[in-house]
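Here's a structure for you.
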Amino acid sequence: MARFRLIATGGTISSRRSPNGLLAGATGAELLAHSELGALDVEVDDLTTQGSYSLSLADLVALVRRTRDALTGGADAVVITHGTDTMEESAFLLDLFHDDPRPVVLTGAQRPFDSPAPDGPANLAAAFAVAADAGARGLGPLLVFDGLAWQARGVRKVETLASGAFGAPGRGPCLRVTPDGVRPLGARSRPPAFDLDAVDELPRVDVVSAYAGCDGALLDAAVAAGARGVVLQALGAGNAGPAVTDAVGRLVADGVPVLVCSRAFSGPVTPLYGAGGGADLDRAGAVFAGDLSPWQARLLLSVALTHKPEDPGSVVTQWLEQPAPHQI
Ligand code: ASP
């Protein structure tokens with residue numbers, strides 16, 4: 001019989017109503033009991049019990065380490081219960097370090113543990129079905145929700161309350177969970193993993209958004225607050241006004257790497273426009289981060305800073321360039 005590890009971290013799937021609002025509290029064992037999963041060999045690890053909106057970078061690194069420990073300890077697959085708000089970040093950080101064909105599957109819920117119609121039990125059952133499926137091997141950490149599975153890169157929370165909380169704009173899901181089993185939909189290959197042992201803690205990288213009429217004040221403020229790198233959530237295909245572009249040039253000249261992502265949900269950024277547009281950001285030394293969301297790009301830059309502090313941009317560029325997406 002397959003050996004599973006369930007790492008519980010909190011989130012809506014474990015939350016109950018309280019006078020102070022929803023609060024995470026149900027343990028991994030309670031989640032299992034609620035799900036009527038039948039006879040499975042599951043070892044439970046209650047890593048933390050909190051909303052994912054309050055997880056720190058250190059918490060995320062702890063989750064990556066615990067996942068690796070579970071696999072080193074002989075688990076055939078790992079299932080992680082997690083709040084939906086930052087699940088795409090944890091999935092991506094796990095992906096950056098995951099160098100193992102065994103499945104790691106994250107799931108959660110939109111409705112709480114004590115809801116009269118919770119979605120957590122079905123999501124947890126689907127997560128275990130995917131974790132047990134041979135078709136999930138080698139795809140990296142997967143996010144399973146509402147009957148679909150996504151690879152980590154590109155997955156985003158796209159709905160605040162609806163059951164189908166996730167999507168991967170421009171990429172799509174990789175597996176479908178049906179009553180008859182897990183069906184492949186098409187998956188992409190992944191770049192080689194980073195070395196987790198080379199990481200002690202992740203340096204601070206902030207995300208600063210561009211919008212009509214913005215200036216460079218928040219970029220400067222991020223650095224003043226201790227950011228070692230910044231992700232600019234730029235406009236469209238990667239533009240910002242001249243004031244922002246000037247500030248980016250100052251940051252890069254001072255040795256603070258800047259990545260460019262888009263506030264649009266889908267498609268890559270590319271340096272096209274002058275007069276403060278992407279071509280100027282490129283000339284200012286910013287690194288264009290493909291179709292990564294700002295929040296996933298932030299984690300990539302943070303990891304890149306630990307691996308090559310003198311030139312993290314080259315690590316990011318190399319990671320983005322390999323390998324070309326293809327069907328597995
Ligand atoms: N809405 C969130 C959830 O689904 C809260 C959180 O991220 O913990 O769990």
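Charges only on Cβ, +1 for Lys and Arg, -1 for Asp and Glu: so what's the dipole of the chain about the Cα centre, in debye to the nearest 20?
520 debye
When a footprinting reagent is the concern and you count Cβ atoms within 10 Å, what order do Phe145, Phe97 take, fewest first?
Ascending Cβ contact count within 10 Å gives the list Phe97, Phe145.
Using a 10 Å cut-off around each Cβ, can you sort Trp319, Trp295 from fewest to most neighbouring Cβ atoms?
Going from sparsest to densest Cβ surroundings: Trp295, Trp319.
What percent do you get for the relative contact order of region 65-122 when only Cα pairs under 8 Å and 6+ apart count?
Once normalised by length, the contact order is 33 percent.
Apply the Karplus parameterisation 6.51 cos²θ - 1.76 cosθ + 1.60, with θ equal to phi minus 60°, to every residue of region 182-196 and state each ³J(HN,Hα) to the nearest whole Hz, in sequence, with x for glycine and proline.
9, 10, x, 10, x, 10, 10, 6, 10, x, x, 6, 7, 8, 5
Right, next: Taking only Cα atoms and a 10 Å spring cutoff, compute GNM fluctuations for the chain and point out the largest among Leu185, Leu299, Leu96.
Greatest mean-square fluctuation among the candidates belongs to Leu185.
For region 183-328, what's the relative contact order in percent, using C-alpha pairs closer than 8 Å and at least 6 residues apart?
27 percent
Could I ask something else about it? For Ser314, Ser56, Ser293, which order do you get if you count the other beta carbons within 10 Å of each Cβ and list the fewest first?
The fewest-first ordering by Cβ neighbours comes to Ser56, Ser314, Ser293.
Given axes a ≥ b ≥ c from the Cα gyration tensor, I'd like to know whether the chain is rounded (a/c under 1.5), prolate (a/b larger than b/c) or oblate.
On the way: a/c = 1.91, a/b = 1.74, b/c = 1.10.
Cα axes put the chain in the prolate bin.
A follow-up question, please. Name the most mobile residue of Cys174, Cys214, Cys261, meaning the one with the largest mean-square fluctuation, in a Gaussian network model of the chain with Cα contacts below 10 Å.
Largest GNM mean-square fluctuation: Cys214.
Right, something else. Just want to confirm a number: the relative contact order over region 72-171, from Cα pairs under 8 angstrom separated by 6+ residues, in percent. Write out the running numbers ahead of the final one.
Values: 183 pairs, mean separation 28.1, N = 100.
The normalised contact order for region 72-171 reaches 28 percent.
Let me ask something additional. Is region 89-177 rounded, prolate or oblate when judged by the Cα gyration tensor, a ≥ b ≥ c being the square roots of its eigenvalues, rounded requiring a/c under 1.5 and prolate requiring a/b larger than b/c?
It comes out prolate by the Cα gyration axes.
Here is a follow-up. Using a simple spin-label model with points 7 Å from Cα along the Cα→Cβ vector, what separation in nm is obtained for Glu321 and Thr27?
Label-label distance for Glu321 and Thr27, simple model: 5.1 nm.
Checking the a/c ratio against 1.5 first, then a/b against b/c, what shape does the Cα gyration tensor give for region 227-311?
Since a/c reaches 1.5 but b/c is at least a/b, the shape of region 227-311 is classed as oblate.
Right, next: Quick one: Karplus J couplings for region 284-293, per residue in order, coefficients 6.51, -1.76, 1.60, θ = phi - 60°, nearest Hz, x for Gly and Pro?
Result, rounded to whole Hz: 6, x, 6, 9, 7, 9, x, 9, 5, 5.
Read-outs: derived from the displayed coordinates by stated rules, not from any lab. This is a predicted model, so every value here is computed, not measured. With ideal geometry, Cβ positions are generated from the backbone for all residues, glycine too; neighbour counts draw on all protein chains shown.
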